[in-house]
1. Which percent of the accessible heavy-atom area of the chain goes to carbon and sulfur, probe 1.4 angstrom?
2. Please get the size of the charge dipole for the chain, origin at its Cα centre, with Cβ charges of +1 on Lys and Arg and -1 on Asp and Glu, quoted in debye to the nearest 20.
3. Which distance in Å, rounded to a whole number, links the C-alpha centroids of region 153-206 and region 436-507?
4. What net charge do the residues around residue 363 carry, taking every other residue with its C-beta under 9 Å from that of residue 363, with Lys and Arg at +1 and Asp and Glu at -1?
5. Direction-averaged shadow area of the convex hull around the Cα atoms of region 588-733, nm²?
6. For the chain, what does the convex hull of the Cα positions come to per residue, in cubic angstrom?
7. Once you list every other residue whose beta carbon is under 15 Å from the beta carbon of residue 470, what net charge do they have if Lys and Arg are +1 and Asp and Glu are -1?
8. So if a site counts as exposed when it's one of the chymotrypsin sites (Phe, Trp or Tyr not before Pro), its DSSP state isn't H, G, I, E or B, and it has at most 14 other Cβ atoms within 10 Å, what's the longest stretch of the chain without one?
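The values are calculated or read from the model by the stated rules, or taken from the named source; none is laboratory data. Since this is a predicted model, take the numbers as computed values, not measurements. Note: ideal-geometry Cβ built from the backbone for every residue, glycine included; neighbour counts use all protein chains shown. Protein only, heavy atoms only, side chains kept; ligands, DNA and RNA dropped before computing areas. Shrake-Rupley method; radii C 1.70, N 1.55, O 1.52, S 1.80 Å.
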Amino acid sequence: MRQTITPSAGAGEVVRAAARARCLTTALLAACAAAGTAGAAPAPTDPSVAGATQLEEVIVHARRREERQADVPLAISVVGGEELRQQSALLIDDVARNVPNVRMVSSPQSVSALDVTMRGQTVNRSAIVFDPAVGMYVDGVYVANGQGAMMTLLDVDAVEVVRGSQGTLFGRNNTGGAISLYTHRPELDRYAAEVALSGGDYGSFMGRAILNLPAGDTFALRFAYQDNERSGFGSSVGSGQDNFQNQRRYQARIGALWAPAEQTDVYFTYERFEANEIGALLHPLAGPTGTLVSQLGQLFAAFPVPGLPTVTFPADPYQGDANFAAFDIAKTDALHLTVSQRFADGLAGKLILGYRHLDTGTALDVDASTLPLADTTLYNSSNQKSAELQLTGKALADRLDWVTGLYWFRDNGGAPSVQSPGSPDFLRAIAIINPAVLAATGGQLDLTQLFTPLPVYEQNSVVNRSLAAFVHAEYRLTPDWAVAAGLRRTGDTRELDENSYVDIPGFGQSCTILDLTAPPPQGPPPPCPPIHKSVSYGYWSWELSTHYRVSDGVNAYARIGRSQRSGGWNAPLATVQDEPFRPEQLTDYEIGLKADLFGGALALNGDVFYGQYDDMQRLLARLNPDGTPVTLVTNAGRARISGAELEALWSVTRQLSLHASLGYTDARYQTFLYAPLEGGPVQDLSGNDFYQTPRLEAALAATYLIPTTAGNVRLYADYAWQDKVEFNVINDFNYQPAYGTANARLAFESRSRSWELAVVGRNLADKHYWYTGGTLGAPFAPTPTIAWAIPGERRTLAVEGTYRWNGAR
């Protein structure tokens with residue numbers, strides 16, 4: 001059996017025990033003995049283990065209470081903070097490397113934004129106008145916008161990844177799953193400090209500092225700071241700009257813990273995150289039959305007219321052809337407050353308050369060329385506020401565990417954009433060659449309609465509101481068998497005020513949003529009328545589950561649940577008459593087995609799942625009739641997803657541990673009829689593969705510990721492989737074939753753990769791959785207008801040093 005950490009009665013011990021439980025996910029007891037600030041339990045001495053070491057007990061909070069991971073009827077993976085540090089994991093996407101059926105990458109819109117795919121559900125292009133399918137939570141507070149979410153893993157105790165629908169207990173309905181980060185709380189009983197520095201090729205630098213300061217018996221502060229910098233991998237031949245995909249971001253957090261009594265604690269954090277970078281490198285693709293960009297490049301080459309650019313498709317994957325100066329800036333300020341109170345007879349209450357302010361700006365050459373087709377500046381602002389009140393307790397001789405609560409959420413902000421026009425020289429050149437182009441194409445290609453002489457300004461204001469009430473209870477029928485049920489009622493309101501226009505000299509604003517009911521204007525369209533859109537939704541989410549202890553160390557479970565993702569409005573609007581996209585609904589089924597074998601040395605977690613989607617929301621990139629590039633949320637009708645997952649954690653010996661994972665996803669659209677234009681022809685996409693969803697994923701990681709008289713040598717290595725990935729909802733030539741990458745870390749740690757030196761290597765084989773891509777086209781155009789892909793990280797090497805200090809209060 002695994003050992004269990006039992007907190008003592010003191011408030012300080014409660015905090016330390018919770019930290020220990022969260023940090024010890026897949027590491028051996030010997031490895032977690034190196035957990036420093038988290039402490040460790042003594043090594044087992046049971047001779048029946050035959051030299052192997054037991055895996056530590058893992059405590060999770062996926063059902064809003066502390067439970068053993070083995071008892072929770074959910075597919076959940078936990079990555080401990082110490083494990084992340086031993087891998088030199090720096091950013092949140094490092095978490096997904098060894099988790100089945102989970103893929104995390106930087107967004108093409110912003111490299112500091114996070115795109116997540118979980119069991120075929122993809123979050124792409126973070127924006128305030130729609131909800132992500134996979135929810136992210138920091139200390140229980142929902143992060144509504146993925147912009148700025150590619151944060152560092154600064155002073156994190158654990159990351160819980162819950163797969164499948166989460167419709168009853170989490171702050172927002174999440175059809176894909178949930179990712180929860182738990183920060184390290186201040187410790188009341190000791191002073192502690194940590195300083196870490198690393199440097200390597202591409203000018204990489206990481207600096208981290210952590211300081212824990214108790215002030216009396218009931219109050220403590222904790223300060224944490226991390227700076228990540230690295231030169232980029234790419235450049236553009238069109239503009240000469242280099243340093244694409246660089247990193248320049250920092251994160252700082254101050255935490256305060258007040259525990260005035262054994263039954264009371266108050267935890268407050270303020271966190272600041274900033275990223276000031278160049279952004280993603282969009283490598284242009286011509287495709288097998290040529291895109292409009294490539295065809296225009298060939299056309300311009302036939303006309304020796306000054307002002308016409310040269311369009312190139314570099315052979316080097318780390319070169320682009322953009323000539324629009326890029327930048328990528330994100331700033332967030334977040335405040336979290338959690339107040340916990342334990343009453344008599346097992347009753348407890350918790351209040352979780354959150355506020356997050358976000359401002360971002362991204363300049364992106366979406367056409368990935370020297371042509372002014374889609375030179376776009378995007379902005380995103382958000383003022384997110386949330387409050388959750390929970391009440392938990394036990395009843396019926398402690399056989400019934402229950403939690404109930406209320407949740408309130410409000411987010412207001414906007415996602416405006418500006419599309420830049422062509423230069424005066426370019427537009428004059430277009431006017432010169434346009435008559436010849438019209439004659440050669442029979443009037444089918446009018447260059448003056450393709451390239452706008454004026455910038456297009458899109459402005460909007462968004463308000464999202466949500467109010468929910470929930471209850472969840474589990475009843476233990478026998479010591480080995482329990483059943484659970486949950487119910488949630490959610491009400492959502494989505495409001496949008498929209499304006500999109502060009503500013504014509506001598507005329508003023510001219511609306512670019514079509515009005516299908518108005519007669520064609522004589523001359524330029526007038527300014528947009530006030531456009532206000534509002535829609536409200538109400539829905540029930542529910543869950544039923546059961547788990548049964550088949551034998552000592554073997555638990556089986558089954559669950560069925562329903563969750564929803566709110567509908568809303570696309571921005572920019574294409575027409576005044578645009579209708580909202582509808583809420584997405586998932587009903588999923590899951591059965592699983594969790595086993596501790598060989599005296600707790602081997603842990604196996606496996607499951608199979610099936611999900612049925614109605615009105616599944618998909619993101620489709622296209623060009624508006626005015627030429628503005630947009631990402632359109634549309635409902636795909638019905639879809640089904642099935643698959644399986646397996647994780648194995650094996651403490652082979654006291655020195656060697658292995659972690660293997662395997663994920664399989666079979667995702668299919670059953671009905672998917674798409675009308676790119678209101679009232680226009682319909683495309684049937686029901687035969688397409690899900691985008692951003694590899695059918696197979698596999699990973700293997702190993703940690704080997706070599707004790708010496710001077711200290712410990714620890715070798716960590718992993719290999720992660722994924723199957724083919726389509727980059728577009730409308731499948732085309734733009735995809736990444738199957739590939740794998742290997743990482744490794746070699747560290748030496750002093751016997752006292754006061755210092756550590758490590759050498760870290762990523763993508764050791766320098767494997768070239770595209771981590772994402774995109775294809776845009778005008779509706780029903782015979783060839784795509786734009787296609788690009790973004791290259792992955794090159795091989796990087798770094799040296800890292802860490803110094804830790806602990807002292808009695």
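1. Within the chain, the accessible surface is 60 percent carbon and sulfur.
2. 1360
3. 28
4. Residues near residue 363 contribute -3 overall.
5. 13.1
6. 149
7. That sum, taken over residues with Cβ under 15 Å, equals +3.
8. Answer from the scan: 1-342.
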